[in-house]
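Accompanying notes for the structure given below.
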Amino acid sequence: MSHQYANMNLQSEINPKMLDMVRELAGGGLIQLPSSVEDLKNPEIHDYVTKYVQSPGVPGEDRIKLMKLAWDLIGSEFAGRHEQYEKFYAGAPFIVKTHSHRTYDWDKATGLVDYAMSGYDIHGRKF
């Protein structure tokens with residue numbers, strides 16, 4: 001059971017870090033997107049829009065799609081609800097941590113430390 005609690009603890013910590021990585025990697029690209037698909041349909045500005053949102057090796061329209069996906073992960077209404085869900089789906093993080101501490105096999109951990117220490121004396125490693 002302690003493995004399950006360990007996973008739930010990690011998930012509530014790793015998910016926000018992953019979202020922050022997406023934010024950092026995307027930078028201002030998320031807020032520099034065209035306001036609407038209509039901008040791409042407009043022949044007068046289509047070429048300007050795709051030119052200024054492109055990046056090396058990635059055509060403008062592909063970059064727009066990628067940034068819209070990233071926005072759905074971190075900035076949309078759905079993203080906000082999903083982040084809240086991921087943080088609390090297993091319960092409040094402090095409760096999950098308490099269960100993890102309660103179910104941890106402390107004797108096994110202590111035994112591992114005792115075993116490691118038995119290989120040393122005051123001069124260092126015995127073997």
- Item | Matching entry among Gly57, Gly27 (being at pLDDT 90 or above, over 30 Å from Pro93 (Cβ atoms) and of a type in the set (Gly, Ala, Ser)) | Gly57
- State yes or no: is Met8 outside any strand (DSSP E or B), over 30 Å from Trp106 (Cα atoms) and hydrophobic (A, V, I, L, M, F, W, C)? no
- If you take the residues of the stretch 95-127 that are at pLDDT below 90 and hydrophobic (A, V, I, L, M, F, W, C), which of them is farthest from the chain's Cα centre (by Cα)? Ile122
- Item | Residue, nearest to the chain's Cα centre (by Cα), within the stretch 8-24, restricted to residues that are over 12 Å from Pro93 (Cβ atoms) and either surrounded by 14 or more Cβ atoms within 10 Å (Cβ to Cβ) or touching a residue at least 40 places away in the same chain (Cβ under 8 Å) (or both) | Leu19
- Query: How many residues are in a helix (DSSP H, G or I) and within 26 Å of the chain's Cα centre (by Cα) when one looks only at the stretch 43-59?
  - Reply: 1
- Query: Among Leu66, Leu40, Leu73, which is assigned to a helix (DSSP H, G or I), surrounded by 11 or more Cβ atoms within 10 Å (Cβ to Cβ) and without any contact (Cβ under 8 Å) to a residue 12 or more places away in the chain?
  - Reply: Leu66
- From the list Gly80, Gly27, which residue is within 19 Å of the chain's Cα centre (by Cα) and at positive phi? Gly27
- For Lys87, state whether it is in contact with a Pro (Cβ under 9 Å, 6 or more places away or on another chain), in contact (Cβ under 8 Å) with a residue 40 or more places away in the chain and under 30 Å from Asn7 (Cα atoms). yes
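The values are calculated or read from the model by the stated rules, or taken from the named source; none is laboratory data. Because the structure is predicted, anything quoted here is derived from the model rather than measured. All Cβ positions, glycine included, derive from the backbone under ideal geometry; neighbour counts span all protein chains shown.
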